[in-house]
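The values are calculated or read from the model by the stated rules, or taken from the named source; none is laboratory data. All values reported here derive from a predicted model rather than from experimental measurement. Neighbour counts run over all protein chains shown; Cβ positions are idealised from the backbone, glycine included.
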Amino acid sequence: MAHHEHHGPGHDGQHGQHAQHDGHHAHDGHAGHHHPASLGATSWRMAAQATLHCLTGCAIGEVLGMVVGTAAGLHNGATVAVSVALAFVFGYALTMRGVLRAGLPVRRALKVALAADTVSIAVMELIDNTVMVGVPGAMDAGLADALFWISLVLSLVLAFLLTTPVNRWMIGRGKGHAVVHAYH
């Protein structure tokens with residue numbers, strides 16, 4: 001039996017592979033969205049957006065933790081611990097909200113959030129809390145004191161600026177926030 005008769009008319013043995021390959025090329029316009037590592041270089045804009053997304057959850061937790069700790073008169077170490085814990089909770093929660101909407105079950109959504117945000121949140125929290133503890137009087141200032149709020153805003157701005165390159169590096173390697181892109 002001739003080759004074309006066995007596989008059908010017009011089949012050259014590679015047709016199925018080419019059809020799949022052509023379909024992949026038709027999707028090239030979205031390749032950067034789903035597979036940022038395939039770009040070779042991740043844009044600063046993408047990294048900044050990922051950092052801003054992560055910073056939103058971190059900032060909610062950080063501010064809430066600092067406010068609760070300061071208002072309750074907690075020791076600085078306890079205030080930092082509350083802030084860090086809440087930053088992780090809110091950071092993961094914001095990511096999970098999006099992937100749950102995409103239809104992932106809760107356990108899988110949690111795994112995606114952990115993979116996407118852990119390093120970013122950890123870096124931000126290290127910077128946030130180093131600034132807050134390092135600014136003389138910031139941790140002892142009351143909620144009505146401008147020093148408290150200026151220090152907190154400064155800590156969040158520095159966290160954004162210093163975490164963006166980390167996120168860019170991770171996204172460029174298919175890590176960090178890149179794992180969430182498949183669910184957008």
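Things to note:
- Taken over region 116-136, the residue count meeting the criterion of being touching a residue at least 40 places away in the same chain (Cβ under 8 Å) and out of contact with any Cys (no Cβ under 6 Å at 6 or more places or on another chain) is 8.
- Where a residue in region 169-180 is touching a residue at least 40 places away in the same chain (Cβ under 8 Å) and its partner, wherever it lies, is in a loop (DSSP other than H, G, I, E, B), with Cβ under 6 Å and at least six apart: Ile171/Thr42; Gly172/Thr42
- When His18, His35 are checked against the criterion of being closer than 27 Å to Val180 by Cα and modelled with pLDDT under 90, His35 stands alone in meeting it.
- Count of region 89-106 residues which are within 15 Å of Ala50 (Cα to Cα) and touching a residue at least 60 places away in the same chain (Cβ under 8 Å): 3
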